[in-house]
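The values are calculated or read from the model by the stated rules, or taken from the named source; none is laboratory data. Quick caveat: nothing in here was measured; it's all calculated off a predicted structure. Cβ coordinates were reconstructed from backbone atoms using ideal geometry, including for glycine residues, and neighbour counts include every protein chain displayed. For accessibility, only protein heavy atoms count, side chains too; no ligands or nucleic acids. Shrake-Rupley method; radii C 1.70, N 1.55, O 1.52, S 1.80 Å.
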Amino acid sequence: METVNSARKDDMQNPGSDLSEQIKAATKEIHVRAENTQLMLSYQKGQITLPQYKLLLCSLYEIYKALEEEMDRNASHPGVAPIYFPQELARLETLERDLEHFFGQEWRKRVIIPAATHRYTQRLRKIGEGNPKLLVAHAYTRYLGDLSGGQILGKITQKSIGLSSGEGLSFFSFPGVSSPNRFKQLYRSRMNSIELTKEEREGVLEEAIMAFELNIQVFNDLQKMLSVTEEAYGDQEKAKTSAIIPSLSIVQLSLGICVALATVGMGIYVF
């Protein structure tokens, strides 16, 4: 954290630095931490499983629901308007299609969300209501990250879990963006145009670090849940039971256990 704080302070001493570059420098260390979570390492190795992907989609849906609803509500705010690109970037509908593909039309009744995801969404709601300028930290972190790695991660996911078509992979597709590189340049230019005081800029940098930390917590929670699920499945196989237990029921049981453990571990179940 000292390295991150030092990077942020160095950037703040250079008033000519762009906000996008300052965020990149301030989050360099924690970005590496996020990439080295067990879930992300599985992705990088092409070892993502269908249960992992399904649970990730569930959390992403809740996160983007909160983010995009707060972006919509604050669309005319001077700290949000320059980076408001719903037609190009909105992920909510793509996630809904993917979830319906895997869980059916009544997927909303079957989605279970870990404690870390609730904390993430509550943070987004809080700043959307009280300090919308901080939304840029989360929008930049999420959208440009997904846009940068979308095509690669989509191919890894398709190969790893054996999807024969593009169904279930809508999240990785950005049909409104013809050139990701040019769009990212435009996005950075727009976010760099947001007027911020020194204190507000420091707040955005701190929020960007928090955005990565919240993502790491989500990844770790999901991995814990999957570990319990795999153990439950392994015990079932060893017992060679003839009963067919729906995979979702196993996941629901496992998630319930893990959410309870996460709640106790964190002390509170709020964001």
**Report entry** Cα coordinate range in the range 27-228, projected on the principal axes (Å, largest first)
**Finding:** 48, 35, 33
Report task. Give the distance, in whole Å, between the Cα centre of the range 99-120 and the Cα centre of the range 136-191. Result -> 21 Å
Report task. For GLU199 paired with ALA75, estimate the spin-label separation in nm (one decimal), with each label point 7 Å from Cα along the Cα-to-Cβ line. Result -> 3.1 nm
Query raised in the report: Ordering ASP221, ASP72 by how much accessible area each has at a 1.4 Å probe, largest first, what is the list?
Result: ASP72, ASP221
Query - Length added when fully stretched, GLU93-GLN122, from 0.36 nm per residue minus Cα-Cα - result: 8.4 nm
Query raised in the report: Which value in Å does the Kirkwood hydrodynamic radius of the range 36-100 take, with 1/r averaged over all unlike C-alpha pairs and then inverted?
Result: 13.5 Å
Query raised in the report: Label-point separation (nm) for ASN192 and ASN220, each offset 7 Å from Cα along Cα-to-Cβ?
Result: 3.5 nm
**Report entry** Equivalent ellipsoid dimensions for the range 126-235 as semi-axes, Å, which come from the Cα gyration tensor, largest first
**Finding:** 32, 22, 9
**Report entry** Three-way shape call for the range 65-120 based on the alpha-carbon gyration tensor, with the a/c threshold at 1.5
**Finding:** oblate
Query raised in the report: If you take the beta carbon distance between ILE161 and LYS109 as r and set R0 to 22 Å, what does 1/(1 + (r/R0)^6) give as a FRET efficiency, to the nearest 0.05?
Result: 0.40
